[in-house]
Structures are given as C-alpha cells and as structure tokens.
C-alpha cells in the first residue's frame with residue numbers, strides 16, 4: 001500500500017458511466033416532451049408568432065414556467081439584482097431581479113435574471129415593471145435550470161427585428177402594432193364609440209381585445225404574447241371575422257373596471 005494520492009479528473013469519472021448518463025438524459029428529454037404535450041397549452045403556457053410565412057420558436061410564458069417549477073418540485077424566490085442594475089447604469093425606472101430556484105431543502109439549484117424599464121410600455125406603473133422583471137427572471141431561471149432551451153425561447157422580442165423587416169398585410173394581427181398599444185387608455189375611446197353608435201373599426205376592436213386581455217391576466221402581457229394568449233383563451237384565430245366573438249368571450253371573463 002502507498003500513501004500516494006491518485007487523482008481522477010471529472011471527465012474520467014463521467015466517462016466510466018457515460019452510456020448510463022446518456023441513456024438517462026435521453027429518457028429525461030423524452031419525459032419532458034411528453035409533459036409538454038400532455039400538460040402545456042398553446043396560448044396559455046407558451047406561444048409562437050408568425051410573420052411572412054415564418055413561425056417563431058415557442059416562447060415560454062409565466063404559467064408554463066410555473067408548471068415546470070411544480071414538476072421539478074422547486075420554489076421561486078426573488079431578490080433585487082443590484083449588480084445588473086449597476087451595469088445598466090443605475091438608471092431610475094430600470095428594475096432588475098434575480099429568481100432563485102430552491103429545492104425542498106432550501107438549496108439553490110438554479111437562477112435567472114430579468115430586467116424591465118418603466119418606459120418600455122405606455123401606461124405602466126412601478127408595480128407593472130417590477131412584475132415583468134420578476135416574470136422574465138423566473139422564465140430565465142426555469143429555462144436554464146431545466147435545460148429547456150431546445151424546447152423554448154425566453155422572449156420573442158429577440159426575433160422582432162427580423163419580423164419587422166418582413167412586409168405584412170393590412171389585416172395583420174395586432175402584434176405588428178404593439179408599439180402603439182396603450183392598454184390602460186383603450187377602454188375610453190371604445191366605450192365612447194359604442195355610446196355614440198359610431199362604426200367601430202377592426203383596429204379599435206383589436207385594441208379593445210388587448211385591453212380586455214390585460215384586465216384578465218392582471219400581470220401585463222409582453223408585446224408578442226397577446227396573439228397566442230388570446231387565441232388560446234378563446235379558441236379563435238385573431239382575424240377580422242372573429243373579432244366580435246372574441247370580444248364577447250373575453251368580456252365574459254374580464255373583471256369589471258374599477
């Protein structure tokens with residue numbers, strides 16, 4: 001016997017069981033695929049957008065991230081992300097958060113980061129911006145911890161420039177007009193037009209639909225989440241011939257305005 005230590009690298013240790021590791025990983029991906037097919041609902045848990053004949057990679061929404069947190073038996077905890085906020089210039093109106101994913105023994109098994117700006121959407125309050133930053137951090141944490149990037153992307157905004165350069169038809173869904181969307185202000189012109197008996201345009205109907213969506217979900221939707229969420233909730237495509245029925249269905253779900 002000798003006291004000489006024998007060092008073994010992590011790669012050598014892993015190599016001894018590489019076949020078993022590979023088989024376990026393959027089985028895990030298969031089970032995740034089944035979970036998505038059986039429990040994840042398009043337009044509620046995730047969604048896509050389509051422009052110019054191109055369909056985006058599915059984007060994970062907050063309800064979908066919560067289902068994965070439940071599946072993995074984790075708890076999400078949020079804290080201010082001072083490092084990121086300072087790197088962003090310590091700007092007023094910028095909110096940065098970390099989402100820590102904890103196991104049953106309160107050990108951190110993953111984390112994600114999210115940032116939002118008070119000015120990125122008209123009508124936002126500080127509470128809106130904080131919730132969006134937390135939501136982005138949670139989705140980032142779930143994608144990283146669950147190694148889900150081959151199934152979902154974090155944010156459809158990453159592809160916005162590509163889509164913006166693609167010509168769109170006049171009757172395109174309101175996703176292409178989201179920069180003009182001011183949800184908290186849409187109800188007044190809608191109600192005024194109805195009261196005066198004026199003809200309501202398709203654009204006015206679409207803006208009213210988005211305002212209804214905001215009232216239902218409480219946490220503001222991202223610009224590119226509206227179409228998938230609305231179609232998932234109503235089962236109808238967001239086209240002109242369905243707008244009246246979509247409004248009817250969403251109005252039955254929306255809480256009364258205060």
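Please treat every number below as a calculation from the coordinates, not as lab data. Computed from a predicted structure; not experimentally measured. Note that each Cβ is placed from the backbone with ideal geometry, even for glycine, and that neighbours are counted across all protein chains shown.
Computed from the C-beta positions of residue 21 and residue 66 and an R0 of 41 Å, the FRET efficiency is 0.90 to the nearest 0.05.
If you stretched the chain out fully between residue 87 and residue 248, how much longer would it get, using 0.36 nm times the residue separation minus the C-alpha to C-alpha distance? Intermediate values should be presented prior to the final figure.
Working: separation 161, 0.36 × 161 = 57.96 nm, distance 4.61 nm.
Taking residue 87 through residue 248 to full extension adds about 53.4 nm, to one decimal.
For a distance above 20 Å, tell me the whole-number percent of Cα pairs in the stretch 46-106 that qualify. Mind dumping the intermediate values first?
On the way: 981 of 1830 pairs.
The share of Cα pairs beyond 20 Å in the stretch 46-106 comes to 54 percent.
In this rough spin-label picture, where each label sits 7 Å from Cα along the Cβ direction, the residue 105-residue 147 distance is 2.1 nm. Computed over the stretch 18-77, the convex hull of the alpha-carbon atoms projects to a mean area of 6.1 nm². Per residue, the convex hull spanned by the alpha carbons of the stretch 87-138 comes to 81 Å³.
Please compute the volume of the convex hull spanned by the alpha-carbon atoms of the stretch 36-166 and report it per residue in Å³.
Output value, Cα hull per residue: 126 Å³.
Place the peptides 130-140, 24-34 in order of packing, highest mean first, counting for every residue the other Cβ atoms within 10 Å and averaging per peptide. Walk me through the intermediate numbers first.
Numbers: 130-140: 22.5, 24-34: 11.5.
Packing proxy ranking, top to bottom: 130-140, 24-34.
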